[in-house]
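Please read the structure below before turning to the comments.
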Amino acid sequence: MTPRGPSWKWIVCGLLLLASAINYMDRQTLAGASVRIKNEFHLSPSQYGQIEAMFGYAFAAGSVVFGWAADRFQIRGLYALVLVLWSIAGFATGMAADAGQLLLCRAFLGFFEAGHWPCAIRTTRLLLDERQRSMGNGLLQSGASLGAIITPLILRMLMGDASVAGGWRTPFLVVGAAGLLWIIPWFLLVRSGDLAGNPAGPANAGTSRPSTPLLDVLLSPRMLVIFGTIACINTTWQVLRAWLVLFLQEGRGYTEAQALYFNSAWFGAADIGCIAAGALAARLARRGVGVHASRVWVFAGCSLLCATAAAVPWLSKGAPLLIVLALVAAGALGVFPLYHAFTQDLPGEHQGKITGIAGVAAWIIPAQAQRLFGIVVERTGSFDYGLALAGLLPLLALFPLWLLWNRGEAKRAS
């Protein structure tokens, strides 16, 4: 068998980036077409929020299922399977006849999309060492915004004039069908034995039983920090992702075209923030700052960028508002490669289950936030204060990461 070259693992990381892009294209098509879908199905803001919430609940359930499966089954086949299934669910959304069918399609999409992250995070752990993981995770996570950059442009091209009934359906059909093509390079690049290694390291080599019981991991101080961190940062990201186009059109009076073009630029800013955060943390670690300290410092910078959302209620339509929203985007996605790197400090034999179980906190709380956000908009007629509050949440996650992450380990070592 031909040995792998040194660039192979980064090519695979690039393929993970594409999987994240497809994941978000299927997901973000609804948000981009939200105004048309609301009008066609006569949805109130709270009903739209419930549809986003159902996606989150299903994602939480799928996170547990596929988190376990990622540690149990071969990643090569499992990853391809979940991508095929969520692509089918995305395709079916374009054929939904009413709000009930739309809700069901979003539930299936959320459930199967949840398999992406346990599979991808386990893959980067197997491929990369701890100094490289922030960068590898940055590439992986940046695919989310890459897909979201492309999606508004696809919507603008395929939906046609707003007066055409059902024009929103075509992008769901095209994006869902296109996702199936990913499995071809995946099977060509990744052989059956490539991802069969032990991510826990040499200490566990040759053993069939995990060295650390899963319950001990789940009850550890670090895992509690992980739960709190992902609940905060994913609530910020999911609220912004789901409501931005509606906010721009209904909250600030932008046209559909203006909102979609800015939405694409917004995800471009998020992509820059994500890659820059992962690269900066890796660079600081190489320069001797310390792996943990470099992650925390970059996380702090990203959290401060998110916090500029507090200015949204005082900004009207115009350049200052758009600049602030772009800064928020960079910070909101920039925290994710750092978060994934923290999860990879936990026992590697449980990597899939850790990612999956953390996904419950990652999606149950954002799902509730989506529902409540819709109710608040319906009652107050304003998106502003909900967006401002969402931007402050990563700051809440910063302090446990800074103060508590290494405390338990220091006590154990002493």
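The values are calculated or read from the model by the stated rules, or taken from the named source; none is laboratory data. Because the structure is a prediction, the values reported are computed rather than measured. No Cβ is skipped: glycine too gets one built from the backbone with ideal geometry, and neighbour counts run over all protein chains shown.
Observations, loosely collected:
- Helices (runs of 4 or more DSSP H) completely within region 305-414 that count 2 or more residues being modelled with pLDDT of 95 or more and polar (S, T, N, Q): none
- A single member of 259, 285, 242 is modelled with pLDDT under 90 and more than 20 Å from the chain's Cα centre (by Cα), and it is 285.
- Among the candidates 346, 333, residue that is under 13 Å from residue 218 (Cβ atoms) and of a type in the set (A, V, I, L, M, F, W, C): 346
- Residue 326 touching a residue at least 60 places away in the same chain (Cβ under 8 Å) and within 15 Å of residue 244 (Cα to Cα): yes
- Residue within region 135-150 that is of a type in the set (Ser, Thr, Tyr), part of a helix (DSSP H, G or I), in contact (Cβ under 8 Å) with a residue 24 or more places away in the chain and touching a Leu at 6+ places or on another chain (Cβ under 9 Å) present: yes
- Of all residues making up region 311-352, the number that are among the charged types (D, E, K, R) and surrounded by 24 or more Cβ atoms within 10 Å (Cβ to Cβ): 0
- Of all residues in region 65-76, those that are in contact (Cβ under 8 Å) with a residue 12 or more places away in the chain and of a type in the set (Val, Ile, Thr) have Cβ atoms under 7 Å from Cβ atoms of residues that are crowded, with 20+ Cβ neighbours inside 10 Å and outside any loop (DSSP other than H, G, I, E, B), 6 or more apart or on another chain, in 75/119; 75/122; 75/123.
- Scanning region 238-255 for residues that are polar (S, T, N, Q) and not in a helix (DSSP H, G or I) turns up just one, 255.
- For region 286-304, taking the residues that are in a helix (DSSP H, G or I) and β-branched (Val, Ile, Thr), the one that is surrounded by the most Cβ atoms within 10 Å (Cβ to Cβ) is identified as 298.
- Listed by first and then second residue, the pairs with beta-carbon distance under 8 Å, at least 6 apart or on different chains, first residue in region 340-355 and charged (D, E, K, R), second surrounded by fewer than 23 Cβ atoms within 10 Å (Cβ to Cβ) and in a helix (DSSP H, G or I), are 345/222; 349/71; 349/204; 353/68; 353/71; 353/214.
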